[in-house]
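The values are calculated or read from the model by the stated rules, or taken from the named source; none is laboratory data. A quick note: this is a predicted structure, and the numbers were derived from the prediction, not measured. Cβ placement follows ideal geometry from the backbone for every residue including glycine, while neighbour counts extend to all protein chains displayed.
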Amino acid sequence: MKKVLGYLLIVALVVGLSVGCSPSTTPETPPETDAGSGERQIAKQIVIGRIQDSDDLDPVTQDGNVNIWMFNLVLEGLLKTNDEGTAMEPQLAESWKVSDDGMTYTFKLRPGIKFSDGTAVTGEDWVWSLKRAAAEDSTWRFAAADIVDVTAPDDLTLVVTITEPLASMEANFAMFNMTVQSKAYYDKVGQEVYSAGPIGTGPYVFSEWKRGEYINLVKNAYYHEEGLPKTEEIKFVVIPDDNTRALQLEAGQIDIATFVPFTKMTELDAKDNIVASGIPSTESRYIVLNNNNPKFANQKARLAFQYATDKKQMVDFILSGYGEVATSYAPKSGMFFNSELKDYGFDPEKAKALLAEAGYPDGMDVELLVRAGNVVYEQMAVILKEQWAKSGINVSILSLESATAVQMYRDMKHEITLSGWTNDMSDPSQQAVYVFDIKASHNYYTDWESERAVELMNAGVRELDPIKREAIYMELQQIHFDEVPMIPVFYSSYPVAMSTSIEGFVQTPLGNYRFENLVKYID
Amino acid sequence: MSTLNYVIKRILQIIPVMIIVTVLIFFMIRLIPGDPVTVLLGDKATPEMVKLLTIKMGLDKPIYIQYLLFMKGLLTFDLGNSLHYKIPVSELISKRFVITIVLTFFTVIFSVIISFFTGYTAGLKKDKLPDQIIRMGALVALSMPQFWVGLILLIAFAVKISIFPVGGWGSTWPEHIRAVILPAFTQSLMTAALLARNLRNGVVDTLKMDFVDFARSKGLDDSSIKRDHIIRNALISYITLLSMRMAYMLGGSIIIETVFALPGIGALMIESIYSRDYAVIQAVVIIFAAIVITVNILTDIAYSFLDPRVTLE
């Protein structure tokens, strides 16, 4: 017996020593000298850590930011949003004309564009891609839903006809599911393999996907911009634990960490080799009141919650300052943001007075439904409980597992819950549907309705005159602000921390990554 | 009866157990609120979209029909496709399985090495200083939450001194081994503590037995007494506990895998529950059940080797 134990011990020692004495981890960045004198050396590969893996990389069937934000790296469309997320720019369309009746778009396509497998992009690919976006039963079908027909008289011309003139059509053409993909590739590999990554014309190509572990993207050898992208490989690794992700960045095992917990941002920024920034986003968070509940039927009662909430404190505590107080339901970095709206402010006395007027002189008991596991919502709930207590509102927090909580508020069984929004397109019409069209999402799970708002919403998507259009969306925001069916709390940013050797990190307010110029210096 | 016959007999007994497991898990996950379609489509899904996709995925069929389809697949070893990832479940699980098995293997090794020496020493030197220290250490190890210990070890041995990677699985086998050392060690602490106490008590009890005094009076030297008599008797309850803990390790690996970013079955399990990926949850639970049962059978067989009084029936 002693001999066996002795052997075990030796084995353990040998394993431990051989493993422990191997060189410590270095990120896989063999230096690659950049061509040209005087240019700095950049790394071949950049590693980005994120909280969750993608689940489906077919832009037409999937849903979820984990997939969407990567599409700009691989797929391109007729138009794209600019980096600031405020306007549309041509991408693969060189120019276009709209017919007088506003229903026919004729695009002149850039010549010489190739897919990443070297095949040329043909008119047939465009027709197939856009028709597929219109046909597939996905959440993003709306972008293509108004298309009547798509034809390609030749490989450099594309004609798209729509049901009626739409102001949002340009933004639709910039959506990730309206990008051109290779029909031949789809036919060859079938849906299942296609979901592991389509072929496009963008700067990068999906090269390897180990589910739950990482996605590897490599440079598109046939990319149409000379000298781009600058970095050969980008690897997105999955690190679900917030602390582990931050630690990996500190240790240099990853170069960029996304979704850094806000509370860690200042700490990481203080380190010499890391810079943490809040990237402007269209992400907003709301306190959603179920207007069916008699407690919230009176607008005064709802308004009381505005005064009962100290939004500035939330921005300071929860976002560590990486965000702003919200006024409108619409994000500040989106189109037609109504900057006239001023925050109601924190005034518990006013809140109590309003509650009294609404018939609750002794305050109110409410139940706040929270999705467990989401750090921001959980912190909001706890802070709101304390803040609202000052206005006589007594909160009991109901923390439920995410899918269960979602089911509950989708069934309108909540009293108050917390929710959020990120724009997927810069056009305000997408969000307007969810806020004002009760069929889409119970008007953001409030069941509040306004006929005037519905009128405006329908007009807004069709109004081609930009000045009139702006007026429509201004009024929509004002109505919502006055009626307070829900309370926008803050606009947050995308918390990203990266090594100081990184340059060229671009993320649009819609969340899309643009990495043509992303580099990591190793000198 | 011979070992082989015993194994066959046990395997036949498993079948009704496994059937019950499949029924339970199948219906349980469908009865809880939340569904895979809503999770898949996300917050921006309209009720219309949810309905369309539910029909497309066949989730609107009556539940017993879905069950029959599922059992039919099981019999042909077809675990179906992941609702979330769309690829076959078997493809999704196979690699992650390897990771969890390797993690569990090293956890067992660490647990045994640590607990064997400490438990045995503590038992022999009952109430003296080594015993006090070891019992105190076991208590501390039992009280510390795994994710906290894991993080501290990561900070100490991966960030401050980079002996180990900060989580992750690595890409080559030497890297895999290196990556699994800290997580396995973290996970082993609780089990090692329990096993150490168990072994200590086993040794103490055995030392009190008559046959030990008899062996000494016979003239046997200390080391052969320890080897042939004390350890073998103390090991019986030790092995029982170890096999129970191995089942626990499979479930507990979820926390370790999350903290150390190891893409194992535990991490897959928790992810699948959140996304209501029925196909994956079912497959993983069934596999876990099979593993636990197998470990139980192996433990019973081990008894028969350790203790000649035990015969396999």
So A:ASP242, is it of a type in the set (Asp, Glu) and surrounded by fewer than 22 Cβ atoms within 10 Å (Cβ to Cβ): yes
Members of the range B:114-142 found to be within 18 Å of B:ARG227 (Cα to Cα), touching a helix residue (DSSP H, G or I) at 6+ places or on another chain (Cβ under 6 Å) and free of Cβ contacts under 8 Å to residues at least 12 places away in the same chain, listed by number: B:LYS125
Failed criterion for A:LEU247 (all others in (1) buried (at least 20 other Cβ atoms within 10 Å of the Cβ); (2) in contact with a Leu (Cβ under 9 Å, 6 or more places away or on another chain); (3) hydrophobic (A, V, I, L, M, F, W, C); (4) more than 12 Å from every other protein chain (Cβ to nearest Cβ) hold): (4)
Test: residue in the range A:359-381 that is modelled with pLDDT of 95 or more, part of a helix (DSSP H, G or I), more than 25 Å from A:THR282 (Cβ to Cβ) and over 22 Å from the mean Cα position of the chain (by Cα): no
Residues within the range B:151-209 that are of a type outside the set (A, V, I, L, M, F, W, C) and free of Cβ contacts under 8 Å to residues at least 12 places away in the same chain, tallied: 8
Matching residues in the range B:109-167 - criterion: being under 26 Å from the mean Cα position of the chain (by Cα), in a helix (DSSP H, G or I) and farther than 21 Å from B:MET249 by Cβ: B:TYR120, B:ILE134, B:ARG135, B:MET136, B:ILE155, B:PHE157, B:ALA158
Residues (within 14 Å of the chain's Cα centre (by Cα), small (Gly, Ala, Ser) and in a helix (DSSP H, G or I)) located in the range B:235-266: B:SER243, B:ALA247, B:GLY251, B:GLY252, B:SER253, B:GLY266
Qualifying position, being aliphatic (A, V, I, L, M) and either within 14 Å of another protein chain (Cβ to nearest Cβ) or touching a strand residue (DSSP E or B) at 6+ places or on another chain (Cβ under 7 Å) (or both), among B:ALA234, B:ALA196, B:ALA215: B:ALA234
Looking only at the range B:28-72, and only at residues there that are small (Gly, Ala, Ser) and closer than 20 Å to A:ASP424 by Cα, the one that is surrounded by the most Cβ atoms within 10 Å (Cβ to Cβ): B:ALA45
Members of the range A:76-107 that are more than 20 Å from A:PHE337 (Cβ to Cβ) and either assigned to a loop (DSSP other than H, G, I, E, B) or of a type in the set (Gly, Ala, Ser) (or both): A:GLU76, A:GLY77, A:LEU78, A:GLN91, A:LEU92, A:ALA93, A:SER95, A:SER99, A:ASP100, A:ASP101, A:GLY102, A:MET103
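Please work out if B:ILE254 is free of Cβ contacts under 8 Å to residues at least 60 places away in the same chain and within 11 Å of chain A (Cβ to nearest Cβ).
yes
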Where A:LYS219 falls short, out of the listed (1) more than 14 Å from every other protein chain (Cβ to nearest Cβ); (2) among the basic types (Lys, Arg); (3) in contact (Cβ under 8 Å) with a residue 24 or more places away in the chain; (4) touching a strand residue (DSSP E or B) at 6+ places or on another chain (Cβ under 7 Å): (3)
Check on A:SER116, more than 14 Å from chain B (Cβ to nearest Cβ) and in a loop (DSSP other than H, G, I, E, B): yes
Count - residues of the range A:241-267 that are over 23 Å from the mean Cα position of the chain (by Cα) and touching a residue at least 60 places away in the same chain (Cβ under 8 Å): 4
Some residue of the range A:398-408 being touching a residue at least 40 places away in the same chain (Cβ under 8 Å) and crowded, with 23+ Cβ neighbours inside 10 Å: no
